[in-house]
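First comes the structure, then the notes that go with it.
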Amino acid sequence: MKKKGVIVLSCLFLMFIVGSASYLFYKKENAEEAPQALVTEKEYTPIYSVPSPYTEREVKGYLTKNTEYRNYMAFNQDWWRVAVGNDVGYVPRKETKIASATAVKDQSLTSAFEGETFLVKKATPIYRSMSKTSKKIGEFDQRTQIEAKDTNQDWMEVNVGGLIGYIPKDSVEKQNGVPVLMYHHLLKDEENHNFRDVSTTITPEAFDEQMKWLHDNGYTAITLKELESYIQGKKALPEKSVVITFDDGIISSREYAYPILKKYGFKAENFIITGRISKESKPFNPDRLDFLSYQDMEKMKDVFSFGSHTNVLHSMNEENKRGMITQLPYEQVLADFKQSRQALPSHSAYFAYPFGHLNETSVQAVKDAGFTLAFTTQKGYVFPGDNPLLLNRFGIGPDITLEKFQEIFK
């Protein structure tokens, strides 16, 4: 009898162990499958257009408390990147956390969103449904550029953090803005031995094809002086306007871009790393990365104007892969920017951030050095009233087919 009791107890103990293990395994599996969401415990957490809170104007909108945002990803140790319309914004990690998400209807979530470009006229709440009495899931700041879908007579559909929301139609206005194109290096396929895998190198043939399309479709390549007046609200531009820019002052812009631009009657801006300028022209060598000379710039001034891309600070901190203008003290950055302005033929007031990296120090130094326009690598259009020191551009690389290029102008 005692032996039988021991067997029964052993069986019961074994069943307990197996059951416990099954429960823990089930719990672990379900925990792994449980959806995660980005949440904020503040009433409103800003969504910035670039990963640093420079000015109030650069706030795209706000995440709201008790809302779960599904479309997010880690940008770096300080920032999350979230979907905003068909664009992206950046949210400080210190103001948010990741939590297990509750069930949300499938149709309310999206990672893809195709809409038209609009400008938000005033600070506008984003509602969960087409009713101002429904829950607010976010808010757009004034003059935020968004993508939205026309849903009915009174409402527009938008995407914020992967959630579909709605804003009143009278809160936005349709504007195309001005696209600013960003190029770097041009090389023919047969001579490109050292830069084939570089994302900023395209062929002269592709560049010519793009410029021909702009010309044939009636586009005007305006100057940065004209763009500045447009941003200030002082000048109306032709309906089909575009700005063409080159970064780095690479000698291939003399060899290939200059004659192509001249052929189509287009003006362009070339942002120069002034510490690399030589006095006299060098022969073109496709295997090297050589830079323009003062002689070159003098001969090209009927097409190109020349802005600053720093003097000697076009480099990165190798440890964190951040541009040196974000790593050095303000006084050192300011001194470089002033020296660069003085080295330019016309002491230009226009600047482009190396690699698109910037922070409060570099933006303040740009302003104090006397620059009145400065360009990022943030994708988007330029509108009247934009912050002139944080302007958008469209980078054109080898992945931009003619069809994708044309999409920019739709």
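Restricting the first member to segment 384-405 and to residues that are closer than 12 Å to Leu373 by Cα, and the second to residues that are open to solvent by less than 30 Å² (accessible area, probe 1.4 Å) and among the small types (Gly, Ala, Ser), the beta-carbon pairs closer than 6 Å and six or more apart or on different chains are Leu389/Ala374; Asn392/Gly380. Among residues of segment 227-250 that are at positive phi, those with a beta-carbon under 6 Å from a residue that is open to solvent by 10 Å² or more (accessible area, probe 1.4 Å) and modelled with pLDDT of 95 or more at least six positions away or on a different chain give the pairs Asp248/His184; Gly249/Phe291.
Within segment 122-147, the set of residues being in contact (Cβ under 8 Å) with a residue 40 or more places away in the chain and under 17 Å from Phe383 (Cα atoms) comprises Lys122, Phe140, Asp141, Arg143, Thr144, Gln145, Ile146, Glu147.
Residues in segment 259-268: is at least one modelled with pLDDT under 95 and either aliphatic (A, V, I, L, M) or under 23 Å from Phe405 (Cα atoms) (or both)? The answer is no; no qualifying residue exists.
Per-residue answers, yes or no, for (1) under 25 Å from Thr376 (Cβ atoms); (2) among the small types (Gly, Ala, Ser):
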{"position": "Gly177", "(1), (2)": "yes, yes"}
{"position": "Leu181", "(1), (2)": "yes, no"}
{"position": "His184", "(1), (2)": "yes, no"}
{"position": "Asn194", "(1), (2)": "no, no"}
{"position": "Thr200", "(1), (2)": "yes, no"}
{"position": "Lys212", "(1), (2)": "no, no"}
{"position": "Ile222", "(1), (2)": "yes, no"}
{"position": "Lys225", "(1), (2)": "yes, no"}
{"position": "Gly249", "(1), (2)": "yes, yes"}
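Taking the conditions (1) more than 24 Å from the chain's Cα centre (by Cα); (2) open to solvent by 10 Å² or more (accessible area, probe 1.4 Å); (3) of a type in the set (Asp, Glu) in turn, Asp296 satisfies each one other than (2).
Does segment 190-216 hold any residues that are in a loop (DSSP other than H, G, I, E, B) and within 19 Å of Phe394 (Cα to Cα), and which are they? Answer for segment 190-216, where residues must be in a loop (DSSP other than H, G, I, E, B) and within 19 Å of Phe394 (Cα to Cα): Val198, Ser199, Thr200, Thr203.
Six or more apart or on different chains, Cβ atoms under 6 Å: show the pairs whose first residue is in segment 152-172 and without any contact (Cβ under 8 Å) to a residue 60 or more places away in the chain and whose second is of a type in the set (Gly, Ala, Ser) and open to solvent by less than 10 Å² (accessible area, probe 1.4 Å). Here the result reads Met156/Ala148, each pair linking segment 152-172 to a residue that is of a type in the set (Gly, Ala, Ser) and open to solvent by less than 10 Å² (accessible area, probe 1.4 Å). Based on what the data block shows, is Gly323 under 27 Å from Thr223 (Cβ atoms) and at pLDDT below 95? Criteria met by Gly323.
How many residues does segment 252-306 contain that are within 30 Å of Tyr219 (Cβ to Cβ) and in a strand (DSSP E or B)? Count: 9. Here Pro238 meets the list (1) within 23 Å of the chain's Cα centre (by Cα); (2) closer than 19 Å to Ile408 by Cα; (3) open to solvent by 10 Å² or more (accessible area, probe 1.4 Å) almost entirely, failing just condition (1).
The residues in segment 185-202 that are open to solvent by 30 Å² or more (accessible area, probe 1.4 Å) and within 25 Å of the chain's Cα centre (by Cα) can be counted, and the count is 6.
Just so you know, in segment 78-121 the residues that are of a type in the set (Gly, Ala, Ser) and within 28 Å of Val382 (Cα to Cα) include one that is modelled with the lowest pLDDT, and it is Ser111. The residues of segment 259-274 that are under 27 Å from the mean Cα position of the chain (by Cα), of a type outside the set (S, T, N, Q) and over 16 Å from Lys225 (Cα atoms), listed by number, are Leu261, Ile272, Ile273. Within segment 300-324, the set of residues being surrounded by 14 or more Cβ atoms within 10 Å (Cβ to Cβ) and of a type in the set (D, E, K, R) comprises Arg322 only.
The values are calculated or read from the model by the stated rules, or taken from the named source; none is laboratory data. Everything numeric here is computed off the predicted structure, so don't read it as measured data. Counting neighbours? That spans all protein chains shown, and the Cβs are built from the backbone with ideal geometry, glycine included. Only protein heavy atoms, including side chains, enter the accessible area calculation; ligands, DNA and RNA are left aside. Shrake-Rupley method; radii C 1.70, N 1.55, O 1.52, S 1.80 Å.
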